[in-house]
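Q: Shown below is the structure under consideration.
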Amino acid sequence: MFIKVGSKFINLSEILFFEQIDNKEQGSFTIKLFFSDSLENCVLLESQEAQNFLNYLNELGDIYPTESSRQVEYYSNHNSTNHSKELSTIEESSDVPPPPILETLKKQIQSIKMRMEQNLEIKPWDVTRLRESAENIHGRHFGFFRKGLEKYSEEINEVQSQAFLLADEAEVYIHCYKIDQLLMQTAINVRASEQRKKILIQAHSELEKRGKLTEEYKQKIKRIKEQDAWFRAKKKISEAEVMISVGNTKKAQNLYKEANAVLKQDWSVFFPGEEPPIIDQPFSKQLEF
């Protein structure tokens with residue numbers, strides 16, 4: 001995914017980590033972005049561009065590790081072709097930190113798990129980035145030295161497997177979450193009702209395709225369809241009750257007829273081939289879902 005920060009286009013999936021440098025005297029800060037292909041070709045964001053970048057990550061709920069100057073220097077030294085140490089000496093070093101993408105992936109897993117446990121919204125792009133991080137974990141950050149790949153290979157494979165499994169679960173969670181939200185909300189106009197219908201059809205289809213459409217969610221989907229099928233009819237009934245309250249029974253009777261007509265029409269959209277309920281007095285119990 002590319003984002004535009006000022007005049008720069010940045011590929012989020014290729015960010016290795018970033019370093020925030022505070023200028024306390026001027027009350028400002030800059031951000032250096034380091035990418036997986038090369039630590040030497042970093043991107044510098046200053047003032048408003050730096051703030052826009054942080055704001056954007058915060059908006060997406062995205063996670064990238066920030067590194068201290070010592071860690072940035074460590075990675076730069078081991079990645080530099082001009083560094084005085086021989087590769088063999090580097091590979092013998094026991095001071096090999098975990099690759100930043102591994103820590104990023106762990107944090108992404110933790111973030112998505114937390115949101116699922118607390119019934120919070122997860123965006124589709126959260127799952128996309130989780131998959132991208134898991135898919136790229138072997139090839140993105142081990143150009144510095146071969147020993148890192150060997151040292152963390154077992155943990156990498158374990159976290160990668162966790163990420164793929166969680167991504168599958170999160171995709172199901174997203175569709176279940178949408179259904180739960182539709183059930184708690186009501187349409188405010190015809191346009192909103194049409195939008196609800198599209199969301200419901202997609203969620204229903206995706207759960208069914210994955211074999212995750214449980215009996216619980218079948219019943220929830222049915223209730224949402226009933227709510228939306230009654231939407232226009234309920235408006236007519238409300239108008240009819242107002243007419244009754246002012247003594248205009250003839251107008252009320254016409255509104256009841258219109259309510260039956262629109263209910264029949266809308267019921268056939270949500271429940272093809274089924275006969276709709278007949279609106280008759282009293283109406284209140286029929287309309288309680």
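The values are calculated or read from the model by the stated rules, or taken from the named source; none is laboratory data. Just so you know, these numbers come straight off a predicted model, no measurement behind them. Here Cβ is always computed from backbone atoms with ideal geometry, including for glycine, and neighbour counts include all displayed protein chains. In case anyone asks, the SASA skips ligands and DNA or RNA and just uses the protein heavy atoms, side chains included. Shrake-Rupley method; radii C 1.70, N 1.55, O 1.52, S 1.80 Å.
Q: Would you kindly state how much longer the chain becomes between Ser268 and Asn136 on full extension, computed as 0.36 nm times their sequence separation minus their alpha carbon distance, in nm to one decimal?
A: Values: separation 132, 0.36 × 132 = 47.52 nm, distance 4.83 nm.
Between Ser268 and Asn136, full extension yields an extra 42.7 nm.
Q: Averaged per residue, what accessible area in Å² does segment 145-231 show with a 1.4 Å probe, protein chains only?
A: Result: 59 Å² per residue.
Q: Arrange the peptides 180-188, 160-168 so that the one whose residues have, on average, the most other Cβ atoms within 10 Å appears first. Each step should come with its number before you reach the end.
A: Working: 180-188: 14.6, 160-168: 16.6.
Ranking, from highest mean packing down: 160-168, 180-188.
Q: What does the charge add up to near Gln162, with Lys and Arg as +1, Asp and Glu as -1, over the other residues with Cβ less than 12 Å from its Cβ? All intermediate terms of the calculation are to be shown ahead of the outcome.
A: Working: positive: Lys106, Lys113; negative: Glu155, Glu158, Asp168, Glu169.
Around Gln162, the charge tally is -2.
Q: Using modelled backbone amide H atoms (1.01 Å from N, in-plane), which distant-in-sequence or interchain residues come within less than 5 Å of Phe29's amide H?
A: Amide H neighbours of Phe29: Asn23, Ser47.
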